RNA sequence: GCUCGAGUGGUGGAAUUGGUAGACACGUCAGACUUAAAAUCUGAUGAACAUUAGUUCGUGCGGGUUCAAGUCCCGCCUCGAGUACCA
């Protein structure tokens, strides 16, 4: 029988689905292992060949872990809320749920063809009411919590109320908005409404006026990454900065824990570093400067607070800069400067924050006429405004030290402001001296100290004087949590007298209402305001915003543990068994989004005792994107003649993208090309070596470049096992690489060779029961060892090569011994599961290969070869050894000494000791 | 600018703790089988000289450590990714 992948693969897919082969055991005594892929957004375009890359890798690992005796959870689902389906709904009126459903079935169909070992009974979809019921429920918990900085954890809001009743808020240490202090008595005296307002400043989900990117045309707030050059990425509509009432989550409360706990994670340093930078911890001090301005009344006292990471340079301060939006600007600007200042503010308003950021070189600013008093020298320091200072970071004000900060330096040079060096070294006045090395000078009591000592000294002094304190500032902002969209989770919130209230658990899920149109209302309210009864239902006034895309994806990994639970988001037993994800595979583009929010939610749920781990993803592998490889034909100018790539320089040509599906190994299928488009029907070709060779270039996969390769076509032509192995063979998992079908025949050949090992020339099964030779066992053991190492180290590409070598060698040996072939099938079954199942069955096993446990081989050593190293170094000598059957240590020593080359190079010196180190090297101490 | 990663044949890529650089595959060339082609199989394939054994040079560039460097150290160059007026 020939290797007929079509019937084999169809048969086993059906078998696995029917037998529910990949359902994890309930109440298992086995150790657990949770392998998860980042779930996809089901887009209308379907899967291309790049999507399954990570899924294949995780599937290999999941199957491998099952063989190793683990109880493996390996689920899949869909991140199904999102903008494309909503946009489609706006254009066509089709409900996003229908679009989503269609796309999901297409995805499922494509996924099913690749032979993944997902447990589909646990599928989750974020847009299903049964799922988002729990997203809403978690939101409720966040809303009903506050963050206690004493215990450094989130706690139920009731505990805060109890303390307010007992002691007021004077001693409460919490992450909150600015709240006026009150006593227990004053608390009790407040009305219900006033109390609610106070609590809102403490809740971890809160409402506030926030500056957002508002796109009027789309009728929604946009995230920074949804804007390109001041226009919306989708549609190219103008975007403006606007203050809007928005829901936010107090992720900043977790900033330090989010940084600290990164250390223990087995993620790439790059991703961890990205998160650290995003959170952006800087240590420094906040310092208050007293304002002197003609505008202030005589008895009016006003301080400007600045944040600086370099309090040690305080004696070098020569001016101060406020962000143009700083709240004090209008109050302190003197009459003489009012016009200039307001002109300047108007000018900067026109430039979006993004423009300001991208245009770093232009220095601009304006003096306000006001001064502040230097707290140590008593000097009058001019106050400027400048758009290089951002209102949204720190206090929106900086103390400028031009001698030791590049930006202050540029500003001071431009406006001719004074500059004083206070730290030795550097190339002043050519450039500023930003480094933290050197000795303090011109700094009164700090003179002679090193930067580090000076920093500590000055902070102590500042605190002593009561003008500020040491402070840690984070770049991370609270996460804006509302979107003016239809296709997202409704908030379980209604309003009474303008105050938000949560719905009862029993009334969840609050389902998305039907609307006749998916656009915002004429008055600019979100689409949900169009729903009948939404604003008036039984006197309720529901929140019309919906949650952002990342809400549902911040906890989905927990739902898989117990996907069909109707009474809880996850049961205590399921959670305490599966705990968290052992291996997470997905792209690195979510470093500062999904991966950060998930960690935040997990920590929150941990604080409230709902889960037992603080981190959702223990180990993560980031697979690289698969790029497209575009093909070109070269049309000779003004003709319908096409010249092969190698000869194109002889003519004047234009390169034209051709569909890569008409090209194989860069050779164009002329017939397909002629029938591709009417204009090419009569195309003529200038060939080289009887073929038309196309040019090629690596680009992102896109429809317009005709370089999208669907996995379906590959499966159709070569089978799923070939696709799986080829995607792994392509190169290291983490690397960005172009899709290139050129090498796929090699992998396909290998699978056919593998098949032939078990069959004779006539195609009949032919497996011998004879004992294998030492040579044959060595081939097998070498392969087992190498493949195991590769899988554990995620070097899937090299283990494909290892299999190839093994099969080549066994073919050369004409080895068809059962004792060799059986373990090989087991080893192969995570990579190429269909063919392995079939062969396993042909070998006479009743139970499928997916139920087997991996044989543990302990390959021992046999001196096989040595290098020509001289003996005269370090007293150590190293030998390369290969694997064979077990040997005792004594035998091993004997073999080493008996080895011809060893004796030669030992030069008659007797070794004192032979050290057998792990892996393959033996050290001989002379 | 900063952070991280990477530079190896015609191509994708291997290379263990520093230990025979180029595994494996594609491509190319030659051969076998065929009326022929396809498919399959076998062999060759870093470069230069010698064309027989062999010799020399070779992992982005320049130094260094070492018996031994793709791998470690110092100084550069190039490319990719992320981030950016964060005080």
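Sequence gap at least 6, Cα distance under 8 Å: using those rules, report the relative contact order of chain A to the nearest whole percent.
12 percent
Using 0.36 nm times the number of residues separating residue A:184 and residue A:151, minus their current alpha carbon distance, what extension gain do you get?
9.7 nm
Once the Cβ-Cβ distance between residue A:654 and residue A:273 is put in as r, and R0 is 45 Å, what FRET efficiency do you end up with, to the nearest 0.05?
0.50
With equal scatterers on the alpha carbons only and no solvent term, can you work out the Debye log10 of I(q)/I(0) for chain A at 0.09, 0.11 1/Å?
After summing over all Cα pairs, the log10 values are -1.16, -1.36.
Label region A:718-820 by shape, choosing from rounded, prolate and oblate, from the square roots a ≥ b ≥ c of the eigenvalues of the Cα gyration tensor; if a/c is under 1.5 it is rounded, and otherwise prolate applies when a/b is larger than b/c, oblate when it is not.
Here region A:718-820 falls in the oblate category.
Just grab the label-to-label distance for residue A:11 and residue A:98, each label 7 Å out from Cα along the Cβ direction, in nm (one decimal).
If labels sit at residue A:11 and residue A:98, their model points lie 4.2 nm apart.
Would you order A:126, A:521, A:544 from fewest to most other beta-carbon atoms within 10 Å of each residue's own beta-carbon?
If I rank by nearby Cβ atoms, fewest first, I get A:521, A:544, A:126.
Computed over the Cα atoms, what is the radius of gyration of region A:513-595 divided by 2.2 N^0.38 Å, N being its residue count?
With N residues counted in region A:513-595, Rg over 2.2 N^0.38 Å equals 1.56.
Within a 10 angstrom radius of the beta carbon, how do A:582, A:152, A:721 rank from fewest other beta carbons to most?
Going from least to most buried by this count: A:152, A:582, A:721.
Quote the relative contact order of region A:74-189 in percent (integer), defining contacts as alpha-carbon pairs under 8 Å separated by 6+ residues.
About 21 percent, as a whole number.
Would you mind calculating the gained length between residue A:805 and residue A:211 on full extension (0.36 nm times residue separation, minus the Cα-Cα distance), in nm to one decimal?
The span from residue A:805 to residue A:211 would gain 207.7 nm if fully extended.
Test of understanding: ordering A:203, A:677 by Cβ neighbours within 10 Å, fewest first, what list do you get?
Going from least to most buried by this count: A:677, A:203.
Please work out the Cα center distance from region A:147-183 to region A:256-283, rounded to the nearest Å.
Cα centroid of region A:147-183 versus Cα centroid of region A:256-283: 28 Å apart.
Please tell me the relative contact order of region A:730-818 in percent, rounded to the nearest whole number, where contacts are Cα pairs under 8 Å and at least six residues apart.
Relative contact order for region A:730-818 comes out at 40 percent.
Take the Cβ-Cβ distance between residue A:506 and residue A:716 as r, set R0 to 51 Å, and report the resulting FRET efficiency rounded to the nearest 0.05.
Working from the Cβ atoms, E equals 0.50.
At what distance in angstrom do the alpha carbon centres of region A:191-220 and region A:120-142 lie from each other?
A separation of 24 Å, based on Cα centres.
Using only Cα atoms, locate the centre of region A:404-440 and the centre of region A:611-630, then give the distance between them in Å, rounded to an integer.
43 Å
Semi-axes, largest first, in whole Å: what does sqrt of 5 times each Cα gyration tensor eigenvalue give for region A:3-84?
Its equivalent ellipsoid spans semi-axes of 25, 20, 12 Å.
Could you check the simple spin-label distance between residue A:305 and residue A:687, using points 7 Å along Cα→Cβ, in nm with one decimal?
Those two pseudo-labels are separated by 8.0 nm.
Mind checking the angle between helix A:796-813 and chain A's longest principal axis? C-alpha axes, 0 to 90 degrees, to the nearest 10.
The answer is roughly 0 degrees.
Divide by every residue of chain A the summed helix terms, -39500 (n - 2.57) for each DSSP H run of at least 4, and state the resulting mean residue ellipticity at 222 nm, rounded to the nearest 500 deg cm²/dmol.
-10000 deg cm²/dmol, from helical runs alone.
Along the Cα→Cβ direction, 7 angstrom out, place labels at residue A:764 and residue A:700. What is the inter-label distance in nm?
With each label point 7 Å from Cα toward Cβ, the separation is 5.8 nm.
For residue A:297 and residue A:477, what is the calculated FRET efficiency with R₀ set at 22 Å and r taken between the beta-carbons, to the nearest 0.05?
0.05
Relative to the longest principal Cα axis of chain A, at what angle does helix A:451-465 sit, 0 to 90 degrees, rounded to 10?
Its long axis makes an angle of about 40 degrees.
What is the helix-to-structure angle for A:52-67, meaning the angle in degrees between its Cα long axis and the longest Cα principal axis of chain A, kept from 0 to 90 and rounded to the nearest 10?
Orientation of helix A:52-67: about 70 degrees from the principal axis.
Counting only Cα, what are the radius of gyration and maximum Cα-Cα distance Dmax of region A:261-312, in Å?
19.8, 60
Full-extension gain between residue A:445 and residue A:363, please, as 0.36 nm times their residue separation minus the C-alpha to C-alpha distance.
26.1 nm
We did not get these values from a lab; they are worked out from the coordinates using the rules stated. All of these numbers come straight from a predicted model, not from anything done at the bench. Every residue, glycine among them, receives a Cβ derived from its backbone with ideal geometry; neighbour counts consider all protein chains shown.
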